[in-house]
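Everything on this sheet refers to the single structure shown next.
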Amino acid sequence: MEIVIVPDPDAGARLVADAIAELARRRPELVLGLATGSSPEPVYDRLAALHRQGELSLARASAFALDEYVGLPAGHPASYRQVLLQQVVDRLDLPPEALAVPDGGAADIPAACADYEERIAGCGGVDLQLLGIGTDGHIGFNEPGSSLGSRTRLKTLTDATRADNARFFDGQVDRVPRHVLTQGIGTISGARHLVLLAWGEGKAEAVARGVEGPVTAMVPASMLQLHPHATVVVDEAAAARLSLADYYRAAWADKPSWQGL
Ligand code: GLP
């Protein structure tokens, strides 16, 4: 696991977007795992800028969302499909049909989840998976207690996560669905490279527990410790509670350039 401490989210976004652009040049058919929430937004802004400058094409790529709310009407602005259409598809050349999102409106939820797993496997798995982190340490919508081997399935959100996400529902916590579909922790761990992004002091405790605490279902982000290629990109505020922060800075400063991200 590599911890990269950057001065601000823009610096982190440049680093991650440049790595994605490099991957896309080497492998135009790359499979991206997309997160939602505010953490990946600067990365999507930077990817859009690289595309405008002619330095990035996702025309032959495909993308899988981590999760989706259950029961929102199609086209609801807070649905993750809608968010990713706006933030990624509309601003890059990723074909809309190349974006897959768990079907939160499916009549048969277990079948929709099994189908999602098959679709990911059918693409050969995810090359690079972007992740945010919830204040309770969740990744995707895998709340504390989620099995570390879980696959795509229905989950119930905690009150804390619904309160955190109420800002996308006009501040009305009652409008935040209770149920969601999310890739499981086992599903996420199948991606070849995990890149977790966290900004601001509100994430400092979750980051420290995920990165330096014990591996436990109570902190789903701690699964990164078991992954062979996991990168955690944090700003100074989100790094504030890391006990080995000085070591991470030194290791990054001395990293051989051939290693890449
Ligand atoms: C939601 C999403 C997660 C995201 C988390 C943190 O729960 N399902 O994928 O990581 O929010 O969001 P933010 O980046 O806005 O803090």
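Throughout, read-outs are computed from the coordinates displayed, never taken from laboratory work. Everything numeric in this text was worked out from a predicted model, so none of it was measured. Every residue, glycine as well, gets a Cβ built from its backbone with ideal geometry; the counts of neighbours run over all protein chains shown.
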List the pairs whose first member sits in region 33-44 and is in contact (Cβ under 8 Å) with a residue 40 or more places away in the chain, whose second member is within 7 Å of the ligand (Cβ to nearest atom), and whose Cβ atoms are under 6 Å apart, counting only residues at least 6 apart or on separate chains? A35/L66; A35/L131; A35/G132; G37/G132; S39/G132
Looking at (1) in contact with a His (Cβ under 9 Å, 6 or more places away or on another chain); (2) small (G, A, S); (3) more than 13 Å from the ligand (Cβ to nearest atom), can you tell me which one S146 breaks? (3)
Pair list, Cβ under 9 Å, 6 or more apart: region 54-83 residue assigned to a loop (DSSP other than H, G, I, E, B), other residue more than 16 Å from the ligand (Cβ to nearest atom) and of a type in the set (K, R): E55/R25; L56/R25; S57/R25; A61/R27
Do we find a residue being in contact (Cβ under 8 Å) with a residue 24 or more places away in the chain, more than 14 Å from the ligand (Cβ to nearest atom) and closer than 22 Å to R192 by Cβ anywhere in region 130-137? no
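For every residue, the table says whether it meets (1) buried (at least 17 other Cβ atoms within 10 Å of the Cβ); (2) touching a residue at least 60 places away in the same chain (Cβ under 8 Å).
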{"residue": "R167", "(1), (2)": "no, no"}
{"residue": "Q172", "(1), (2)": "no, no"}
{"residue": "W199", "(1), (2)": "yes, yes"}
{"residue": "P228", "(1), (2)": "no, no"}
{"residue": "E236", "(1), (2)": "no, yes"}
{"residue": "Y248", "(1), (2)": "yes, yes"}
{"residue": "D254", "(1), (2)": "no, no"}
{"residue": "S257", "(1), (2)": "no, no"}
{"residue": "L261", "(1), (2)": "yes, yes"}
I need the full set of residues from region 111-169 which are over 17 Å from V207 (Cβ atoms), assigned to a helix (DSSP H, G or I) and of a type in the set (V, I, T), in order please. I120
If G33 meets every condition in (1) closer than 19 Å to F168 by Cα; (2) within 16 Å of the ligand (Cβ to nearest atom) apart from one, which number is that one? (1)
Meets criteria (farther than 21 Å from S222 by Cα and among the hydrophobic types (A, V, I, L, M, F, W, C)) for V31: yes
Would you be able to tell me the number of residues in region 207-226 that are surrounded by fewer than 22 Cβ atoms within 10 Å (Cβ to Cβ) and under 27 Å from G260 (Cβ atoms)? 6
